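The values are calculated or read from the model by the stated rules, or taken from the named source; none is laboratory data. Everything numeric here is computed off the predicted structure, so don't read it as measured data. Here the Cβ positions follow ideal geometry from the backbone for every residue, glycine too, while neighbour counts run over all protein chains shown. For the accessible areas, the whole protein counts, side chains as well, though only heavy atoms, and no ligand, DNA or RNA atoms are used. Shrake-Rupley method; radii C 1.70, N 1.55, O 1.52, S 1.80 Å.
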Amino acid sequence: MLVTSPAAEELLLKGEHHARTALASLAAATRRRGATSTRVLGDGEVVVLHAEPAKGLAGAAAVVVERPRPIELAPLIVESLGLTDRQRQVAEGLLAGASRAVIARRLGITEHTVAETASAVFRRAGVASRSELCALLFADYYAEPFHAGAAPSPFGYFLPAVGHARLRS
């Protein structure tokens, strides 16, 4: 039996087949290991599911369904570009505004390697520079709800009236 709130239904029904499968898998993992979390990516939607054993109901799991917080969403957006681990690390540094020298020091690589890796990131994203990468991510994931006047959510992204973060296919 699945009991949900109206807010959870709104999130779950957007990608129903993915969410239902994830819920069943999450409930099984919760019964085996205790509290656990997962994210559901599908049909351009992202939801995060957190579960733990429900009190007073043997074998049942209580699940919280939410949109990803900024700390979770940014890596998902970068991940959607299909970058390697090193490209992701460099992209995150670039998007955080770090210089190539700082990125090189943090990753223990040369500035030349940072520059080459950054070029590969830009090619993958279809842009020519750091500023274009930032603009692309803003345009793809934030501009529409921002310009529609949506209120930012305290949990990351925007309030439900506007929709979910879209991931590229």
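Key figures
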read-out: From the options Ala91, Ala22, Ala28, Ala51, residue that is at pLDDT 65 or above, at negative phi, in contact with a strand residue (DSSP E or B) (Cβ under 8 Å, 6 or more places away or on another chain) and not in a strand (DSSP E or B); value: Ala22
read-out: Tabulated pairs, region 87-100, first in contact (Cβ under 8 Å) with a residue 12 or more places away in the chain and of a type outside the set (Asp, Glu), second part of a loop (DSSP other than H, G, I, E, B) and open to solvent by less than 60 Å² (accessible area, probe 1.4 Å), C-beta under 7 angstrom, 6+ apart or interchain; value: Ala91/Leu83
read-out: Residue within region 59-76 that is under 26 Å from Ala24 (Cβ atoms), part of a loop (DSSP other than H, G, I, E, B) and modelled with pLDDT of 75 or more present; value: yes
read-out: Selection within region 120-162 - at pLDDT 85 or above and loosely packed, with under 13 Cβ neighbours inside 10 Å; value: Arg123, Gly126, Ala128, Ser129, Ser131
